[in-house]
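Let me begin by presenting the structure, written as structure tokens, before commenting on it.
The values are calculated or read from the model by the stated rules, or taken from the named source; none is laboratory data. Values in this document were obtained by computation on a predicted structure and should not be read as measured data. Ideal geometry is used to build each Cβ from the backbone, glycine not excepted, and the neighbour counts take in all protein chains shown.
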Amino acid sequence: MAEKRSDKTTITDVARHAGVSTATAGRVLGGYGYTSAENKEKVRLAAQALGYRANQLARSLITGKTRTIGVVAGDIQSPFYASVLRGIADVARAQGFGVLLTNSDERLEREIEAVQLLLEKQIDGLIVAPCDTSGARHLHDAAASGCPIVQIDRRVAGLAADSVTLDNRHAARDSIGRLIAAGHRRIGMIAELERFEFGDMEAFVDGVVAGSIDPETLFPSWQRLFGYIEAHIVHGISIDRSLIGRAGTYSGSAARAATMKLLQRADRPTALFTADGLMSAVAMDAITSLDLSLPDALSLICFDDLDWMRFLKPGITAIAQPLTEMGEAAARLILSRIGGEGSAEQHHVLTHTLALRGSVSAPQAIDA
């Protein structure tokens, strides 16, 4: 049992109790330099007896390390980030690292502020879901300063940093292919599609068809549209661009307006693909308000497998992302870089699984 003390125990106190020099106690408690096994044990027992707690700030001044990882999430309320953060925290904790979490709300100015705050806190490494995949000067500057960075979910063009992402193109292409295999030819899509610097959606579709767009550093919703277009091309089906519902912002009201516009058409799609969890929730609200039955009146596949999708009748077929695995992989990468790993950039691309439920069937005739 530790001795009760009214004052704060110092390294000098521990050294005196252990019968070693202050320098020796400092090396043992700070985790640096060489000390004999005998003296290490003396210091450990003395620290335990006195209730000594390490001063992390003082240790960081000696070692240059704070044993903390900074994380910038897009939206900490999102189930997506909750699962990713769990993976990060579990791996970090197992290695004796703490996690400092900040939130960007998917706004670039807030991300810049968050990164600056974390750097001022002397984090050892940064895990970030970048808002801007084409510029992100603040991340380039952080990497140039020597801060290890791992990107999650998205990649910034030209940024010298590791990444862990999902193969969004393949996931979307697989899902649209299943709808096509079920007999659907008019497949709608609802997506945020907020950021694309090379023109409008028409230009994007033309670019994918022409093979002139590099998908690697596109924002995820655009990568999913890329896969939607690819599936049509592979199966020889013409692309009806009016079936692509673009919310234009990560907003429930904007997504609902785009969904209602699509589903209230006389020639509405026979199947719908939603590009993320918010789009899926809004789409279900619209489907319910229009009294459309799944899968008879409309087939549905959603990106992101959320809890509520398995409780509905019929259950919703959904793309499941390995989110905890994404966080774990990101944490392992950043800890490796903090530890001095100097290999070339690593870009881990994870694969999805498709949770098959009851929301897909062959298309039915639409009443005029």
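Would you confirm whether any residue within the range 167-178 is closer than 30 Å to GLY211 by Cα, buried (at least 16 other Cβ atoms within 10 Å of the Cβ), of a type in the set (Ser, Thr, Tyr) and not assigned by TED's automatic domain parsing to the domain that holds ALA344? So far as the range 167-178 goes, yes, one or more of its residues are closer than 30 Å to GLY211 by Cα, buried (at least 16 other Cβ atoms within 10 Å of the Cβ), of a type in the set (Ser, Thr, Tyr) and not assigned by TED's automatic domain parsing to the domain that holds ALA344. Of the residues screened, VAL156 is one that is buried (at least 23 other Cβ atoms within 10 Å of the Cβ), touching a Pro at 6+ places or on another chain (Cβ under 6 Å) and in the same structural domain as GLU341 (by TED's automatic domain parsing).
Scan the range 283-322 for residues that are out of contact with any Lys or Arg (no Cβ under 8 Å at 6 or more places or on another chain), among the aliphatic types (A, V, I, L, M) and in contact (Cβ under 8 Å) with a residue 60 or more places away in the chain and the total you get is 6. Residue-level check: of (1) among the hydrophobic types (A, V, I, L, M, F, W, C); (2) surrounded by fewer than 16 Cβ atoms within 10 Å (Cβ to Cβ); (3) at pLDDT 95 or above, ALA82 misses just (3).
The set of residues in the range 92-101 being touching a residue at least 40 places away in the same chain (Cβ under 8 Å) and either more than 14 Å from GLY125 (Cα to Cα) or over 19 Å from the mean Cα position of the chain (by Cα) (or both) consists of GLN95, PHE97.
In the set SER253, SER336, only one residue is under 30 Å from GLY146 (Cβ atoms) and without any contact (Cβ under 8 Å) to a residue 24 or more places away in the chain; that residue is SER336. Counting the residues of the range 266-313 that are touching a Phe, Trp or Tyr at 6+ places or on another chain (Cβ under 8 Å) and of a type in the set (Asp, Glu) gives 2. In the range 102-135, of all residues being free of Cβ contacts under 8 Å to residues at least 60 places away in the same chain and within 16 Å of LEU335 (Cα to Cα), the one that is surrounded by the most Cβ atoms within 10 Å (Cβ to Cβ) corresponds to VAL128.
Give the residue that is farthest from ALA275 (Cα to Cα), with candidates limited to residues of the range 203-250 that are assigned to a loop (DSSP other than H, G, I, E, B) and of a type in the set (Ser, Thr, Tyr). Looking at residues that are assigned to a loop (DSSP other than H, G, I, E, B) and of a type in the set (Ser, Thr, Tyr), I get SER212. Checked against (1) assigned to a helix (DSSP H, G or I); (2) at pLDDT 95 or above; (3) aromatic (Phe, Trp, Tyr), PHE273 meets all criteria but (1). Do the conditions hold for ASP267, that is, is it without any contact (Cβ under 8 Å) to a residue 60 or more places away in the chain, in a loop (DSSP other than H, G, I, E, B), assigned by TED's automatic domain parsing to the domain that holds GLY188 and exposed (fewer than 15 other Cβ atoms within 10 Å of the Cβ)? In short, no. The single condition among (1) among the charged types (D, E, K, R); (2) outside any helix (DSSP H, G or I); (3) farther than 30 Å from THR270 by Cα that GLU194 does not satisfy is (3).
For beta carbons closer than 8 Å, sequence separation of 6+ or different chains, a first residue in the range 206-225 that is over 21 Å from ALA247 (Cβ atoms) and a second that is surrounded by 18 or more Cβ atoms within 10 Å (Cβ to Cβ), the qualifying pairs are VAL209/ILE229; GLU216/ARG155; THR217/THR133; THR217/ARG154; THR217/ARG155; THR217/VAL156.
I'm checking my understanding of the structure. Among residues of the range 323-342 that are crowded, with 18+ Cβ neighbours inside 10 Å and within 13 Å of the chain's Cα centre (by Cα), which one is nearest to ALA281 (Cα to Cα)? So the residue we want is LEU323. Mind checking which residues of the range 282-314 are part of a helix (DSSP H, G or I) and farther than 14 Å from ALA191 by Cβ? Correct list: MET284, ASP285, ALA286, ILE287, THR288, SER289, ASP307, TRP308, MET309, ARG310, PHE311. Filtered by the rule that a residue be acidic (Asp, Glu), closer than 30 Å to GLY30 by Cα and modelled with pLDDT under 95, the range 85-121 gives a lone residue, GLU120. Of the residues screened, GLU345 is one that is touching a residue at least 24 places away in the same chain (Cβ under 8 Å), part of a loop (DSSP other than H, G, I, E, B), assigned by TED's automatic domain parsing to the domain that holds ALA94 and surrounded by fewer than 21 Cβ atoms within 10 Å (Cβ to Cβ). Applying the criterion of being among the charged types (D, E, K, R) and in contact with a strand residue (DSSP E or B) (Cβ under 8 Å, 6 or more places away or on another chain) to the residues of the range 222-259, the residue that is surrounded by the most Cβ atoms within 10 Å (Cβ to Cβ) is ARG224.
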